[in-house]
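Notes follow once the structure below has been shown.
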Amino acid sequence: MEGMFMSKGENIGIFDSGYGGLTILKEIIKVLPQYDYIYLGDNARAPYGTRSFEVVYHYTREAVNRLFDMGCRMVILACNTASAKALRTIQQVDLPRQDPSRRVLGVIRPSIEALSGYSSNGHIGILATRGTVASESYPMEIEKLYGVGRFKITQLACPMWVPLVENNELTGEGTEFFIRKYLTQLFTLDPDIDTIVLGCTHYPLLRPLIARFVPPHVKIIGQGHIVADSLANYLVRHPEMERRLGCGGSVSYYTTDKAELFEQMAGIFMGYEIECANVQIC
């Protein structure tokens, strides 16, 4: 059931700068349909990818606090840029001071934890926005988790892919051109890549085309199901958190921009119509 109401239980918040986090929410709902969710897209200030660390942190912190005010006990940053530029400070500085019982989780760490189950030769390609690539978050987190030298990481920004998705240009000659362009660049940098991480939550909508233009042995990792499985595991390991969550199966959608536009765009990402409301976070 979908509806815009405040649950008596505490919600799981899903935050993104725009629409891409809907691909994460969609997979989370498949795995954990029983909980109550609030999705917040900061569309009025998107995109985040070109903004500084300080601005992304400031915007993300405001959005997280708004979700807390709306009844969320935990928040998933379903945005690679926010996860790269804001998550650590929120976790290490803000939450201990504000409310240590709340949790804010990201999408980069679960994606990295999954790598060992995919790559055979350790050659990893990261396709992401300029902001995520510039943050070096993926290489740094991989080195922290696996040590130096375990994986050879090749990053590439794909600046045209988000506009293609948001204009619903998921097929056609123009889209194929830009898919081939960036994949050719990636494999020129490292022909031995056997695993590609889609490090932007828009990119799963382009996955069918991406799969057409990579060698058949190359594995493509989308973040949605990985984050969903990671959240399910987290709630099993933290029953004190799970007990506080509302279990009405509701999903509420909010945007900082025009609700009508969000509803129209959300259909591309979710595959069905949703109802949305406008909310201010600053």
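For residue 44, all conditions in the list (1) part of a helix (DSSP H, G or I); (2) in contact with a helix residue (DSSP H, G or I) (Cβ under 6 Å, 6 or more places away or on another chain); (3) of a type in the set (A, V, I, L, M, F, W, C) hold save one; what is the number of the exception?
Among (1) part of a helix (DSSP H, G or I); (2) in contact with a helix residue (DSSP H, G or I) (Cβ under 6 Å, 6 or more places away or on another chain); (3) of a type in the set (A, V, I, L, M, F, W, C), the lone unmet condition for residue 44 is (2).
Modelled with pLDDT of 95 or more, over 20 Å from residue 115 (Cβ atoms) and β-branched (Val, Ile, Thr): which single residue out of 184, 154 fits that description? Full working, then the answer.
Details: 154 fails: over 20 Å from residue 115 (Cβ atoms).
Criteria check complete, one pass: 184.
Identify, please: which residue in segment 233-258 is among the β-branched types (Val, Ile, Thr) and within 17 Å of residue 31 (Cα to Cα) and is, among those, least open to solvent (accessible area, probe 1.4 Å)? Before you say what the answer is, go through the steps one by one.
Filtering segment 233-258 for residues among the β-branched types (Val, Ile, Thr) gives 236, 251, 255-256.
Retained after the next criterion (residues that are within 17 Å of residue 31 (Cα to Cα)): 236, 251.
Values: 236: 115, 251: 11 Å².
Per the stated criteria, the residue is 251.
Counting only residues that are surrounded by 14 or more Cβ atoms within 10 Å (Cβ to Cβ) and either modelled with pLDDT under 95 or of a type in the set (Val, Ile, Thr) (or both), which one in segment 187-198 is farthest from residue 220 (Cα to Cα)?
193
What is the one condition in (1) within 18 Å of residue 15 (Cβ to Cβ); (2) not in a strand (DSSP E or B) that residue 253 does not satisfy?
(2)
Step by step: first the residues of segment 210-223, then only those that are assigned to a helix (DSSP H, G or I) and either open to solvent by 10 Å² or more (accessible area, probe 1.4 Å) or of a type in the set (Val, Ile, Thr) (or both), then the one that is farthest from residue 25 (Cα to Cα). Which residue is that? So that I can check it myself, show each step before the final result.
Here is the first cut: in segment 210-223, the residues assigned to a helix (DSSP H, G or I) are 210-212, 223.
Now restrict to residues that are either open to solvent by 10 Å² or more (accessible area, probe 1.4 Å) or of a type in the set (Val, Ile, Thr) (or both): 210-212.
Details: 210: 22, 211: 23, 212: 26 Å.
Step by step, filter segment 210-223, then rank; the result is 212.
Please name all residue pairs, on different chains or six or more residues apart, with Cβ atoms under 6 Å, provided the first residue is in segment 267-282 and is under 11 Å from residue 39 (Cα atoms) and the second residue is of a type in the set (Asp, Glu).
Between residues of segment 267-282 that are under 11 Å from residue 39 (Cα atoms) and residues that are of a type in the set (Asp, Glu), the close pairs are 276/263.
Yes or no, residue by residue, for (1) of a type in the set (Val, Ile, Thr); (2) touching a residue at least 12 places away in the same chain (Cβ under 8 Å):
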| position | (1), (2) |
| --- | --- |
| 82 | no, yes |
| 86 | no, yes |
| 95 | no, no |
| 114 | no, yes |
| 162 | yes, yes |
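Could you tell me which of the residues 179, 124 is under 18 Å from residue 210 (Cβ atoms), touching a residue at least 40 places away in the same chain (Cβ under 8 Å) and among the aliphatic types (A, V, I, L, M)?
Being under 18 Å from residue 210 (Cβ atoms), touching a residue at least 40 places away in the same chain (Cβ under 8 Å) and among the aliphatic types (A, V, I, L, M) holds for just one of 179, 124, which is 124.
Go through segment 219-248 and report how many residues are over 16 Å from residue 75 (Cα atoms) and in contact with a Lys or Arg (Cβ under 7 Å, 6 or more places away or on another chain).
Residues meeting the conditions: 2.
Report, by residue number, each residue of segment 259-278 that is open to solvent by 60 Å² or more (accessible area, probe 1.4 Å), more than 16 Å from residue 17 (Cα to Cα) and not in a helix (DSSP H, G or I).
271, 272, 273, 275
Got at least one residue in segment 26-47 being hydrophobic (A, V, I, L, M, F, W, C), buried (at least 20 other Cβ atoms within 10 Å of the Cβ), in contact with an Asp or Glu (Cβ under 9 Å, 6 or more places away or on another chain) and modelled with pLDDT under 95?
Checked segment 26-47: at least one residue is hydrophobic (A, V, I, L, M, F, W, C), buried (at least 20 other Cβ atoms within 10 Å of the Cβ), in contact with an Asp or Glu (Cβ under 9 Å, 6 or more places away or on another chain) and modelled with pLDDT under 95.
Considering segment 70-115 alone, what residues qualify as being part of a helix (DSSP H, G or I), more than 22 Å from residue 53 (Cβ to Cβ) and hydrophobic (A, V, I, L, M, F, W, C)? Talk me through it step by step, then tell me what you get.
Taking segment 70-115 as the starting set, the residues that turn out to be part of a helix (DSSP H, G or I) are 80-85, 87-98, 108-113, 115.
If we keep only those that are more than 22 Å from residue 53 (Cβ to Cβ) as well, we get 113, 115.
Scanning segment 70-115 gives a single hit, 115.
Only one of these is crowded, with 24+ Cβ neighbours inside 10 Å and modelled with pLDDT under 95: 85, 8. Name it.
Matching residue, one of 85, 8: 85.
Filtering segment 96-127 down to residues that are within 21 Å of the chain's Cα centre (by Cα) and open to solvent by 50 Å² or more (accessible area, probe 1.4 Å), which residue is modelled with the lowest pLDDT?
By that ranking, first place goes to 116.
If you check residue 282 against the conditions, is it in contact with a Lys or Arg (Cβ under 9 Å, 6 or more places away or on another chain) and over 19 Å from residue 20 (Cβ atoms)? Please lay out each step first, then the result.
Details: in contact with a Lys or Arg (Cβ under 9 Å, 6 or more places away or on another chain): yes; over 19 Å from residue 20 (Cβ atoms): yes.
Answer is yes for this residue.
Return the residue satisfying two criteria in turn: it lies in segment 131-171 and is part of a helix (DSSP H, G or I) and of a type in the set (Phe, Trp, Tyr), and of such residues it is most open to solvent (accessible area, probe 1.4 Å).
Pass one, segment 131-171, residues part of a helix (DSSP H, G or I): 131-135, 137-146, 161-166.
Now narrow it down to the ones that are of a type in the set (Phe, Trp, Tyr): 138, 146, 161.
Working: 138: 2, 146: 48, 161: 0 Å².
Applying the filter and picking the extreme gives 146.
The values are calculated or read from the model by the stated rules, or taken from the named source; none is laboratory data. It should be emphasised that the depicted structure is a prediction, and the values quoted were computed from it without experimental measurement. Here Cβ is always computed from backbone atoms with ideal geometry, including for glycine, and neighbour counts include all displayed protein chains. Accessible surface is based on the protein model in full, side chains and every heavy atom, while ligands, DNA and RNA are left aside. Shrake-Rupley method; radii C 1.70, N 1.55, O 1.52, S 1.80 Å.
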